[in-house]
Amino acid sequence: MIDITPLQSEHRVRGVGTYVFNLTHELIKLYPDSLEFLASTVERSRIGKELSPVHWGFRPHKPAQVYWLYNELFLRRSLARIKPVLFHATDFNGVPTFSDVPVVTTLYDLTPLAMDQNVHGLSNQLSMWRWKTYFFRKLAHVNHIIAISTHAKSQACDRLGLDPQQITVIPLGVNHNVYGSTARGQGRYAHRAPYFLYVGSADANKNLHRLIDAFRLIADHWPEIELFLAGKWQTESMNAMQREIEEKNLTNRVRLLGFVPAEDLPILYANAFAFVFPSLSEGFGLPIIEAMASGIPVIASDIPVFREVAEDASLLVNPADTEAWAQAMTSILASNDLATKFRIVGQQRSTRFHWQTVAEETWAVYKKVLRKL
């Protein structure tokens with residue numbers, strides 16, 4: 001049984017939702033008679049009819065504040081009642097404690113630990129305390145962990161003391177029939193001025209202030225280029241970023257697009273001049289692969305996980321060096337040969353990532369866990 005509640009929460013428009021959607025739909029194609037799903041009675045309409053059979057149970061609409069109660073009272077009770085042969089906790093927060101049912105969970109990243117020095121405010125500090133003392137500790141009680149990168153696995157072993165044999169690395173995939181250069185020239189983004197594109201959240205680890213500062217350094221030299229920031233952000237984050245853009249006199253050059261529907265996202269990628277991803281910490285970096293598949297150059301942070309995922313198919317830059325980011329963007333703008341090189345090698349690199357492979361390797365983990373019982 002697979003937890004599909006991330007398709008009903010705020011996760012649905014983030015990487016977790018992309019993972020759950022594509023994993024479940026590929027598993028349905030491969031093993032249609034062997035699956036069950038767990039969903040919430042809240043936001044039932046977000047679950048497609050193709051996901052069947054579904055076991056419905058209570059789950060709070062804003063679960064972050066009460067996950068511990070949900071896990072201890074409702075999830076464990078639901079699993080005891082349904083008695084699945086195995087439970088895949090795709091929402092890392094929703095890992096049951098001391099379940100009689102074998103549990104596999106997906107570990108996306110350890111960003112809360114990597115970024116704990118940047119946490120301010122009582123609410124955020126309490127959230128960090130929950131991660132350290134509750135959520136991460138539960139990993140020791142699951143039967144197996146799927147990590148979405150070797151870097152995520154290494155962090156889990158080094159920082160949480162987990163057994164490497166307990167963790168299998170399964171990189172994420174990309175929909176090659178959705179993301180591709182064939183979308184270039186289409187849609188409402190086709191005839192605008194050239195733009196750099198960022199897709200993601202406004203969390204502290206995304207390092208967007210550095211990106212804005214770097215763009216400001218090149219803006220006068222390249223008056224035709226714009227910077228598009230896309231993602232579903234909290235209103236507070238959106239307002240703060242808008243103020244920063246205004247203070248830096250970039251109002252007409254940096255566009256806050258907000259949430260971009262799934263049908264428009266491939267077009268937004270394909271029509272971009274290049275993709276920029278300045279993160280300080282990530283578990284994988286799915287937008288990098290989506291951008292590569294779309295046939296656009298990628299400039300990303302020189303951090304271990306991006307070296308793993310992108311290898312030499314993107315221009316990697318020190319995430320703490322504003323001038324280096326400005327120089328990288330200038331290099332792509334100034335050299336057609338360099339831009340073409342990264343378009344080609346990036347698209348080639350993206351062909352190594354497929355959601356069907358993710359589903360097949362995940363199914364192998366399920367079988368491995370059940371064989372050990």
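A few remarks follow.
- Along principal axes, Cα extents of the stretch 181-350, largest first, whole Å: 39, 35, 32
- Amide H contacts of V169 (H built 1.01 Å from N, under 5 Å, at least 5 apart or other chain): A147
- Taking 7 Å steps out from each Cα toward its Cβ at K248 and R44 produces label points 4.7 nm apart.
- Only Lys, Arg, Asp and Glu carry charge here, each on its Cβ (+1 for the first two, -1 for the last two); on that basis the chain has a dipole of about 1040 debye about its Cα centre.
- Across every direction, the projection of the convex hull enclosing the Cα atoms of the chain has a mean area of 18.0 nm².
- Length released on extending from V54 to D213, taking residue separation times 0.36 nm less the Cα-Cα span: 52.5 nm
- In terms of packing, defined here as the mean over residues of other Cβ atoms within 10 angstrom, the peptides 17-28, 321-332 line up highest first as 17-28, 321-332.
- Residues Y195, Y108, Y269, arranged from fewest to most other Cβ atoms within 10 angstrom of their Cβ, appear as Y195, Y108, Y269.
- For the pair Y31 and L113, the difference between a 0.36 nm per residue extended length and the Cα-Cα distance amounts to 25.9 nm.
- Shown is the FRET efficiency for A320 and A140, computed with R0 = 41 Å from the Cβ-Cβ distance and rounded to the nearest 0.05: 0.75.
- Anchor K341: lysines whose Cα lies under 21 Å away (excluding residues fewer than 8 positions away in-chain): none
- Of F136, A240, V254, farthest towards positive along the dipole that unit charges on Lys, Arg, Asp, Glu beta carbons give the chain: F136
- Sequence-distant lysines (8 or more away, or on other chains) whose Cα lies within less than 23 Å of K367: K29, K83, K138, K153
- Computed from label points 7 Å out along Cα-Cβ, the spacing between N175 and R371 is 3.3 nm.
- Isotropically averaged projected area of the stretch 243-325, using the convex hull of Cα atoms (one quarter of hull area), nm²: 6.3 nm²
- Extension gain, F74 back to V13 (0.36 nm per residue minus Cα-Cα distance, nm): 19.4 nm
- Close amide H partners of W233, meaning residues 5 or more places away or on another chain with modelled amide H under 5 Å apart, are F259.
- Helical segments meeting 20 Å axial Cα length and Kyte-Doolittle -1.0 threshold in the chain (DSSP H): 15-30, 336-350, 355-371
Throughout, read-outs are computed from the coordinates displayed, never taken from laboratory work. Everything numeric in this text was worked out from a predicted model, so none of it was measured. So basically every Cβ, Gly included, is an ideal-geometry build from the backbone, and we count neighbours across all protein chains shown.
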